[in-house]
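Note sheet for the following structure.
The values are calculated or read from the model by the stated rules, or taken from the named source; none is laboratory data. It should be emphasised that the depicted structure is a prediction, and the values quoted were computed from it without experimental measurement. Cβ atoms come from the backbone with ideal geometry, glycine included; neighbour counts cover every protein chain shown. The accessibility values were calculated without ligands, DNA or RNA, using every heavy atom of the protein model including side chains. Shrake-Rupley method; radii C 1.70, N 1.55, O 1.52, S 1.80 Å.
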Amino acid sequence: MPSARGLFWVVFAATLGVYLVMLAWTLPAITAAAGGLAPFDLRPTGYSFDEARVFLAALTPEGSTLYRGVQQRLDIAYPALLAATLVLAILLLSPAGLGRWRWLLAAAALPGMVFDYLENAAVAAMLDGGAAALTPELAAAASRWTLLKSAFSTLAFTVLLVLLALWLVRRFRRRAAPPPVPE
């Protein structure tokens, strides 16, 4: 059975691998297939009905196939992997003295995952219908899930960064402390 740190590194590597595939291949290819317009996944501040319609109208059939196929399959794995990475990192960095509060801090990673899956479902519906079938309600719902995903992901990363900073301070203080004087 791997240690918690070992498990973290395995999950982190898987998360990073999926992210790099999206960042280096699928998302740039989708952007190119939409005439340079950013995919919905790369719009953390959301988008309007008109912006969504313009993107869908510009997206080539090949781009739509890539988005609906490979990108959406990668985005099935990515939210869960990211949440698992954040949960493990927060638990590992949280002081043991926090007790159950450590789990509450780690739970900050879960809403982002849920909203990411809701965003993915709404984006799939938009891609399936295309620009002609897009409704203001669907675009608004997809954008809302995107905004909530972004907000809760930012919260989880903020918790992680604060814990990392506190861990570094504790580590620095332990190293800087003078060795105990023998009696």
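Okay, here's what the table says:
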quantity	calculated
Exclusive hit being in contact with a Phe, Trp or Tyr (Cβ under 9 Å, 6 or more places away or on another chain) and exposed (fewer than 15 other Cβ atoms within 10 Å of the Cβ), set 89, 121, 58, 109	121
Of all residues making up the range 124-134, the number that are surrounded by 13 or more Cβ atoms within 10 Å (Cβ to Cβ) and either out of contact with any Ser or Thr (no Cβ under 7 Å at 6 or more places or on another chain) or basic (Lys, Arg) (or both)	7
Condition broken by residue 167, with the remaining ones in (1) open to solvent by less than 80 Å² (accessible area, probe 1.4 Å); (2) modelled with pLDDT of 95 or more; (3) over 30 Å from residue 54 (Cβ atoms) satisfied	(2)
In the range 68-86, the residues that are in contact (Cβ under 8 Å) with a residue 24 or more places away in the chain and under 13 Å from residue 21 (Cα atoms)	70, 71, 72, 74, 75, 77, 78
Meets criteria (touching a helix residue (DSSP H, G or I) at 6+ places or on another chain (Cβ under 6 Å) and among the aliphatic types (A, V, I, L, M)) for residue 163	yes
Test: residue in the range 94-101 that is open to solvent by less than 20 Å² (accessible area, probe 1.4 Å), of a type in the set (S, T, N, Q) and either more than 20 Å from the chain's Cα centre (by Cα) or closer than 23 Å to residue 147 by Cα (or both)	yes
Options 38, 13; residue that is without any contact (Cβ under 8 Å) to a residue 24 or more places away in the chain and assigned to a loop (DSSP other than H, G, I, E, B)	38
Residue within the range 70-77 that is closer than 21 Å to residue 38 by Cβ, charged (D, E, K, R) and open to solvent by 50 Å² or more (accessible area, probe 1.4 Å) present	yes
Residue list for the range 4-51, restricted to those being acidic (Asp, Glu) and surrounded by 13 or more Cβ atoms within 10 Å (Cβ to Cβ)	41, 51
